[in-house]
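Participant: Structure in structure tokens, see below.
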Amino acid sequence: MEWLSSVFDGAQQWLFETVVQPLMFAGGLGNLLEDGYDATGWLLVGLLQLAVIIAVIGPLQRWRPVEPVTNRATIRTDILYTLLHRLGLFRVGLFFAIDPLMDALFGELRMSGISTFHLDGIWPGVTDVAWVSLLMYLVVFDFVDYWIHRGQHHFEWWWRLHSLHHSQQQMTMWSDNRNHLLDDMLRDTILVVVAQLIGVAPGQFVAIVAITQLSESFQHANVRLWFGRLGERLWVSPRFHRLHHSIGIGHETIKPAAACEKAPRVVLGGHNFGVLLPWWDMLMRTANFEQRYDPTGVRDQVEPGPDGRTRDYGRGFWSQQWRGVLRLFGKA
């Protein structure tokens, strides 16, 4: 673990001094060099992720695809989302918008004598070992992520944003970051607050984000793959997560008809909300382990509504973002 950290630090230092720092000086941003160094870390992590996505997950998609690729235009848009997020551009924007507020808030708490909890200090000598604390934080963040995901599917206003992620009918290894920026900002803000509250070190937070994002890229891949009866219950597989994106399974729950109703109701909900671990779905009875590969998307894309029309989620980045705002306010 230490040698890996040392190699990463050396690569970050080289990238910063060779590329980022000269660009910052040229752009008159010399007063932000410390922040630029941190951003270089996210950039390096993103470049490493892209290398793994292309070199490892790409061949898997070609080896055992679930379905043929028929709409490359939507995939190109997903690649744009991926570059925006994995190369740190979204995180830099989040830094300028949210981080100063967070620093001020937690600074005030510390000045008032209210200190944050350090999860890795529960059992000195054990929980503060680097790999043990990393595993603990991974489990905690995944538990939080499960409930965030449930919220995205439970609250109508939040689903109006999150449904953009589910609107991809041509799922590939690039589909994970196809999200509305407001949805991402809300989720990331919650995770940053949790990180501050439980005392995650910056380096560990970067590692947790990287592991999570790479796993999510794999889960969204167009690959017919599952982990076996035991493995499916240990880590979220592409098959498990594809069911979460399946029309009629992933974002809908059938409620039995009440006494005053003639038929069952279809409401927001669904199955397989786990991000890394299927444990929470198993505990909360939202897991679906069926061996099936259904078409993906949102029902209102393929079935006309009361007005006789299907919903348009947009065909390009800005179109999708704008239509998400319209949906949020009930205008689309």
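Participant: Just going by the charge dipole of the chain, with Lys and Arg at +1 and Asp and Glu at -1 on Cβ, which of PHE117, TYR313, HIS165 is farthest out on the positive end?
Facilitator: Checking the options against the dipole of the chain, the answer is TYR313.
Participant: Moving on. Taking the alpha carbon gyration tensor of region 158-252, what are the square roots of 5 times its eigenvalues, largest first, to the nearest whole Å?
Facilitator: Gyration-tensor ellipsoid for region 158-252: 24, 19, 12 Å.
Participant: Could you tell me the relative contact order of region 142-252? Use alpha-carbon pairs under 8 Å, at least six residues apart, and round to a whole percent.
Facilitator: 23 percent.
Participant: Going toward the positive end of the dipole of region 133-288, with +1 on Lys and Arg Cβ and -1 on Asp and Glu Cβ, which of SER175, VAL267, TRP235 do you reach last?
Facilitator: So the residue we want is VAL267.
Participant: Let me make sure I get this right: for region 269-332, a, b and c are the square roots of the gyration tensor eigenvalues over alpha carbons, sorted descending. Under 1.5 in a/c it's rounded, otherwise prolate if a/b > b/c, else oblate. Which is it?
Facilitator: prolate
Participant: Label ARG62 and LEU197 with points 7 Å out from Cα along Cα→Cβ: what is the distance between them in nm?
Facilitator: It works out to 4.6 nm between the two label points.
Participant: Would you compute, for the Cα atoms of region 185-332, the largest minus smallest coordinate along each principal axis and list the three values in descending order, in whole Å?
Facilitator: Sorted from largest, the Cα extents of region 185-332 read 51, 39, 34 Å.
We did not get these values from a lab; they are worked out from the coordinates using the rules stated. Since the model is a prediction, treat every value here as computed from it, not as a measurement. No Cβ is skipped: glycine too gets one built from the backbone with ideal geometry, and neighbour counts run over all protein chains shown.
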